[in-house]
1. Please find, among 66, 121, the residue that is in contact with a Pro (Cβ under 6 Å, 6 or more places away or on another chain) and either at negative phi or among the basic types (Lys, Arg) (or both).
2. Do we have any residue at all in the range 467-485 that's out of contact with any Cys (no Cβ under 6 Å at 6 or more places or on another chain), in a loop (DSSP other than H, G, I, E, B), open to solvent by 50 Å² or more (accessible area, probe 1.4 Å) and on the phi < 0 side of the Ramachandran plot?
3. Please state which of the following conditions residue 152 fails to meet, knowing it meets all the rest: (1) in contact with an Asp or Glu (Cβ under 9 Å, 6 or more places away or on another chain); (2) outside any helix (DSSP H, G or I).
4. Check whether at least one residue in the range 425-434 is at pLDDT 95 or above, touching a Leu at 6+ places or on another chain (Cβ under 7 Å) and open to solvent by 10 Å² or more (accessible area, probe 1.4 Å), and report yes or no.
5. Pairs please, first residue from the range 101-130 and within 19 Å of residue 159 (Cα to Cα) and small (Gly, Ala, Ser), second anywhere and open to solvent by less than 40 Å² (accessible area, probe 1.4 Å) and modelled with pLDDT of 90 or more, Cβ atoms under 6 Å, 6+ apart in sequence or on different chains.
6. Which residue is surrounded by the fewest Cβ atoms within 10 Å (Cβ to Cβ), if the candidates are limited to the range 133-161 and must be β-branched (Val, Ile, Thr) and farther than 30 Å from residue 96 by Cβ?
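The values are calculated or read from the model by the stated rules, or taken from the named source; none is laboratory data. Please read all numbers here as calculations on a predicted model, not as lab measurements. Here the Cβ positions follow ideal geometry from the backbone for every residue, glycine too, while neighbour counts run over all protein chains shown. The protein model used for the area step is the full one, side chains on, heavy atoms only, and it has no ligands, DNA or RNA in it. Shrake-Rupley method; radii C 1.70, N 1.55, O 1.52, S 1.80 Å.
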Amino acid sequence: MVADDTAESGDRSDGEKRMDLKEPASEDWGGHKDGDVEMVVFASEGLSPSEGPIEAAEEPRKWKWAVFFLCLFGFMTSIKPGEPFITPYLLSPEKNFTRQQVTNEITPVLTYSYMMVLVPAFLLTDLLRYKPVLIVQGVSQVVIWLLLLLGSTLTEMQLMEVFYGVTMACRVAYSSYIFSLVSPALYQRVAGYSRSAVLLGVFTSSVLGQLCISLGNVSFYTLNAISLGFVSFGLVLTLFLPWPKRSLFFHRTWNQEQKEVAAVATKSELDKINQQESVLSSAPPLCSASRWRDSVFVQMLLELRNVGRRPSLRLWSLWWVFNSTGYYLVLFYVHILWSKVSLAAENKIIYNGGVEAASTLLSALTSFTAGYVKIRWNVWSELVIGVITTLQAGLLLLMGTTENIWVCYTAYVLFRGFYQFLVPIATFQIASSLTKELCALVFGINTFLGTILKSIISLIISDKRGLALDVQAQFLVYFVYFVILTVVYFVCAAVVIIRHYRTQPRGGGGAMEQAAPTQLSPVAAVPEAEPLSNGKSAKA
């Protein structure tokens, strides 16, 4: 980050500023120090959260219990042993839906629902401070499994997919909730904890489901009843989650507001009366519009113009949009493909849970391995993405044409592993150049654009109102989609590499300076809003 000394007001000395910043940190809000003070320190001193003061290690350790409980919550809510077997359950005599209904009428609803709910969930997560959105997610999961158990009509299954989209959209609350519990110096560590808890939960869920099917001869209905029990327990755990005092966008000024209220309380009665009169006299609609323009969210939207001008951010954001679109379309429809290939090969034992467990384990290993890859990403990013996209295209062609279910299983496991290898690299390439708030907004916009693209493709090739292709034809379309991406990436790679080696002698060995992080300088430079007479911020 770039230091910005104008973030502090007027003529006070540096020592007085630091005393003001450190004073509220001694208060214990919900068992841990509020990290907003540290974020102000980082902004004024030019430090990133990962370079925060060592004093963060001396914080009260109560946050550990909150993080442990949240990781336990993430683990428990990921255990749904019936999830890998939803498609076989819908196609089984217990539900008796046709493959065409599942492919062209039920599954596309998931994409549309996710697109409609994603933006409201993203905004409400921060506005309501995480917990209410997690409760909505828990309720949605309970409704999903109730509909699977009790529903029997096409409309009820489509409604089930609607709630599935709500559940997926609300996952953003869990991924960002944990950052409100600890100081910025601990972000990287606790992010690893939460991701590991979810991956372990998904792995355990898939293995448990496969063991119940293969060894316990458990019916799909019973397996879904077990899943209902786990998600109901997860909903109960949600009610006991701590309620954060701050969030990323709308509630990030808590400590500053408290400090200003305390300063007002020390003034004389005459000063307070004068201040109230000045606030009342300066509160026409124009003042409200000015506060809106100076708000964090609007300033971040304005900063997005600079994000698109950086080649690395632009490349990895486009990868996130286009490649994640193909990836999730494959995940949505691959179980239908497995059921068709298994039926053609007359395989009576279903191994969906075991395959999901293997793909989750490989994804975790490839994500871990990606952290140790050392290459010059400013030169070779397009080439690496192009090679991996080529491999994924080949695997999609194999899945769409093979009649061997084990070949189809293996291709799917490798396909997921290749994608998950690039996810942490893309995350680092985007996040390393942005502030925490702007990073969250960029990832949110990338995800939303990818969801819109998924909806368009689903409407054209999957929905009964479009081409209504069968599942194998859809995978051939996905193959063509990845081939087009491959050609684009290789062309871009050739341009970047040729340009790099042409400019290398004049550039002093070709070393490219790393771009300075993009930060919200207008937000950092503007003092917090003056509190109103009731102690609330004028920026509410």
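1. Working: 121 fails: in contact with a Pro (Cβ under 6 Å, 6 or more places away or on another chain).
Only one candidate qualifies: 66.
2. yes
3. With (1) in contact with an Asp or Glu (Cβ under 9 Å, 6 or more places away or on another chain); (2) outside any helix (DSSP H, G or I) applied to residue 152, the lone miss is (1).
4. First, the residues of the range 425-434 that are at pLDDT 95 or above: none.
No - not one qualifying residue is present in the range 425-434.
5. 113/165; 121/169; 121/170
6. If we filter the range 133-161 for residues that are β-branched (Val, Ile, Thr), which is where we start, we get 133, 135-136, 139, 142-144, 153, 155.
Imposing the further condition that a residue be farther than 30 Å from residue 96 by Cβ reduces the set to 133, 135-136.
Details: 133: 27, 135: 17, 136: 21.
Within the range 133-161, the match that is surrounded by the fewest Cβ atoms within 10 Å (Cβ to Cβ) is 135.
Per-residue answers, yes or no, for (1) at pLDDT 95 or above; (2) part of a helix (DSSP H, G or I); (3) buried (at least 17 other Cβ atoms within 10 Å of the Cβ):
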position: 334; (1), (2), (3): yes, yes, yes
position: 343; (1), (2), (3): no, yes, no
position: 347; (1), (2), (3): no, no, no
position: 350; (1), (2), (3): no, no, yes
position: 360; (1), (2), (3): no, yes, yes
position: 363; (1), (2), (3): no, yes, yes
position: 380; (1), (2), (3): no, yes, no
position: 386; (1), (2), (3): yes, yes, yes
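For every residue, the table says whether it meets (1) buried (at least 21 other Cβ atoms within 10 Å of the Cβ); (2) modelled with pLDDT of 90 or more; (3) hydroxyl-bearing (Ser, Thr, Tyr).
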site	(1), (2), (3)
189	no, no, no
196	no, no, yes
200	no, yes, no
203	no, yes, no
218	no, yes, no
225	no, yes, no
229	no, yes, no
